[in-house]
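This is the structure I want to talk about, given as structure tokens.
The values are calculated or read from the model by the stated rules, or taken from the named source; none is laboratory data. These numbers were taken from a predicted model, which means no experiment stands behind them. We place every Cβ from the backbone using ideal geometry, glycine too, and count neighbours over all the protein chains shown. The area values use the complete protein model at the heavy-atom level, side chains included, leaving out ligands, DNA and RNA. Shrake-Rupley method; radii C 1.70, N 1.55, O 1.52, S 1.80 Å.
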Amino acid sequence: MSDVLLRVENLAKHFGGIRATDDLSLDVRSGELHALIGPNGAGKTTLISQLIGEMQPDSGTIRMNGIVINTLSTPQRVARGLARTFQITELLREETALANVALAIQARQGHSFRFFADARRERDLLDPAMAILRNAGLEHRARIHVAALSHGEHKQLELAIALATEPKLLLLDEPMAGLGAVESQDMTMILKALKGRITMLLVEHDMQAVFALADRISVLVYGQVIATGTSAEIQANTDVRTAYLGEGNS
Amino acid sequence: MDETCDIASPVKRRRAALLVAVLAALLILPFATQALGYGSLTSFATRIVITAIAASSLNLILGYGGMISFGHAAFYGVGGYVVGILYAHARSGEAIWGLMPGTSDLAVTLPLGLLVCGLLALLLGAISLRTSGVQFIMITLAFAQMIYFLFVSLKAYGGDDGLSVRRRNEFFGLDVRDDTRFYFLSLGLALLWFGFMARLVNSRFGLVLRGIRQSERRMAVIGISTYRYKLAAYVIAGMGAGLSGALMTNYARFVSPDMLHWVQSGELMIMVILGGVGTLLGPAIGAVVLLSLESVLAAYTEHWQVILGPFLVLVILFWRGGINGLISRLTGARCE
Ligand SMILES: Nc1ncnc2c1ncn2[C@@H]1O[C@H](COP(=O)(O)OP(=O)(O)OP(=O)(O)O)[C@@H](O)[C@H]1O
Ligand SMILES: [Mg+2]
């Protein structure tokens, strides 16, 4: 088990009476694409927010490479190779797609206490940003302001920005939500191309994409992981079928 | 970065031409007004130029960084008091706290004013920036009012009545007491300040600051600890206001707690909003318009605030982007 990149143990978080995360334990192995599925309100987004440090758990530990990261701030976790995308996109709306990615590259390069040189023209930032946009299929939209991009492009840009931080473990919160069939397929292809190079925890409702991409799948219900296994194992699991995949629920 | 905003585009060229024309006008202003017999306008222009620095410094945190500070007068007033107190000690010959003699040389009073305001902003910012939203507005206001009452109670430095500075500071022994010379000194420093701002807002630091206004959450997940950048911006803004205050005390030959009052903070805020939040020259335009309106309306009626108030409300409601936004729309496009 030395190849576990992320280990979550007995994590708990409640909002009033709601146990959004309930004694949750989960391992993500180095190099795998681990899908996390579960019904609405199961606590998937809440888990990601705790992993990246935006929310503090009530109890439990989060380890990366064996080291407890609970007390680290979000930027410190990002520096150690964690990155997330947002289910409800969170972008710099007044900037171009290129500027959004370039800023992430700038952050990756170190501190930003440089007060004079025009950063909007720095090749050091623009060239790698452009390369990432090209891979995300957004090259032709690079100089368009975020506010003028489509929902699908926002989703692609979320991924591009996360990649610009050069993550070791990428937490993806429903990257396909709201995408059309073609866009979903494009996103699936992009993620497939990243597989193996970057470890991913993929939260997604699109089962077709999940079964096509995931090495392992965990099922989250009421803040607890009720099953973990390969696609075949999960599809065969009766608990999962009743709780989530169950007939009637698409 | 649209095509219309390319360096070679007609819009950019038109704006550049406008800027050159304004600069030329500022340079010949004292001579022109004297020749036309409106010599007092030079003095008025000096006031605008100095105030524009303070408004621009507030705009750095308010417009670019999204930090709604309602206590900017603290730095403006303290900058003014540094000059006033140093002058008082220079006259009396008593050393300040037995440490440092007073002086009336700008070469000392200005850097010292910047230093004091920078340290004060570091202290107040370090605490205030732990909060956000309405809490931040209230805490910045509270700190500024504390400093206001502190100076009101400082009888040694005039208390409520303030301090007179009988003679303007010298500058490296050079006489800048004359209105025209003082105008050019203020203009020179204002141009330096605005030049610095122009570089700053497009630098790596500036881009981070703009990002923070749009989404602190986004900035955190790309690995940026926003607090230190906000604090640095707060310190720079505090120093800008201090520079402005130090010049204003020299201009008016007077400093009083009024410079520290929340009404002063509010006026600076109005200038920023009026001229155009988060634009480089908006605050300067705001200073011109607000100070002109005030003096014109005050000449007609003592109830000028009754007219000014609704006017400001209209601007805020209908001219999004302030007057600078209006100019952009008239010259063709937004390029900032
Ligand atoms: N900040 C919050 N305050 C109070 N309750 C919250 C908060 N965030 C989440 N919750 C609650 O916690 C539970 C889990 O929410 P979460 O957003 O993590 O679910 P999810 O699995 O991501 O759902 P979806 O598939 O709809 O995105 C829900 O009942 C939600 O209402
Ligand atoms: Mg969710």
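Would you mind finding the one in A:D58, A:D118 that is touching a helix residue (DSSP H, G or I) at 6+ places or on another chain (Cβ under 8 Å) and more than 16 Å from ligand 2 (Cβ to nearest atom)?
A:D118
For region B:170-200, give me each residue that is touching a Phe, Trp or Tyr at 6+ places or on another chain (Cβ under 7 Å) and open to solvent by 30 Å² or more (accessible area, probe 1.4 Å).
B:R199
I'm checking my understanding of the structure. Among residues of region A:87-105 that are within 16 Å of ligand 2 (Cβ to nearest atom) and of a type in the set (S, T, N, Q), which one is surrounded by the most Cβ atoms within 10 Å (Cβ to Cβ)?
A:T89
Looking at B:S265, B:S225, B:S215 in this structure, which one is polar (S, T, N, Q) and more than 10 Å from chain A (Cβ to nearest Cβ)?
Only one candidate qualifies: B:S265.
May I ask you to list the residues in region B:244-266 that are surrounded by 24 or more Cβ atoms within 10 Å (Cβ to Cβ) and over 24 Å from B:K155 (Cβ atoms)?
Scanning region B:244-266 gives B:S244, B:L247, B:S265.
Working only within region A:46-79, note down all residues that are within 11 Å of chain B (Cβ to nearest Cβ) and either without any contact (Cβ under 8 Å) to a residue 40 or more places away in the chain or within 24 Å of A:V219 (Cβ to Cβ) (or both).
A:I48, A:S49, A:I52, A:G53, A:E54, A:S73, A:T74, A:P75, A:Q76, A:R77, A:A79
Related question: I'm trying to understand the selection: among the residues of region A:118-167, which are charged (D, E, K, R) and within 13 Å of chain B (Cβ to nearest Cβ)?
Across region A:118-167, the qualifying residues are A:D118, A:R120, A:R121, A:E122, A:D124, A:R141, A:R143, A:E158, A:E166.
Still on this structure, I have one more. Name the single residue, out of those in region A:183-210 being within 16 Å of ligand 2 (Cβ to nearest atom) and assigned to a loop (DSSP other than H, G, I, E, B), that is least open to solvent (accessible area, probe 1.4 Å).
Going through the qualifying residues, I end up with A:E204.
Sort out which residues of region A:106-124 are in contact (Cβ under 8 Å) with a residue 24 or more places away in the chain and surrounded by fewer than 22 Cβ atoms within 10 Å (Cβ to Cβ), and write them in order of number.
Passing the criteria: only A:R108.
Out of A:S150, A:S184, which single residue is assigned by TED's automatic domain parsing to the domain that holds A:D23 and of a type in the set (S, T, Y)?
After applying the criteria, what remains is A:S184.
Within region A:85-99, can one find any residue that is away from every other protein chain (no Cβ under 11 Å), touching a residue at least 24 places away in the same chain (Cβ under 8 Å) and in a loop (DSSP other than H, G, I, E, B)?
Yes, region A:85-99 contains at least one residue that is away from every other protein chain (no Cβ under 11 Å), touching a residue at least 24 places away in the same chain (Cβ under 8 Å) and in a loop (DSSP other than H, G, I, E, B).
Sticking with this structure for a sec: Identify, from the list A:G43, A:G31, the residue that is touching a residue at least 60 places away in the same chain (Cβ under 8 Å) and within 16 Å of ligand 2 (Cβ to nearest atom).
A:G43
Among (1) open to solvent by 10 Å² or more (accessible area, probe 1.4 Å); (2) away from ligand 2 (no atom under 16 Å from the Cβ), which single condition is A:L157 missing?
The one condition A:L157 does not meet is (1).
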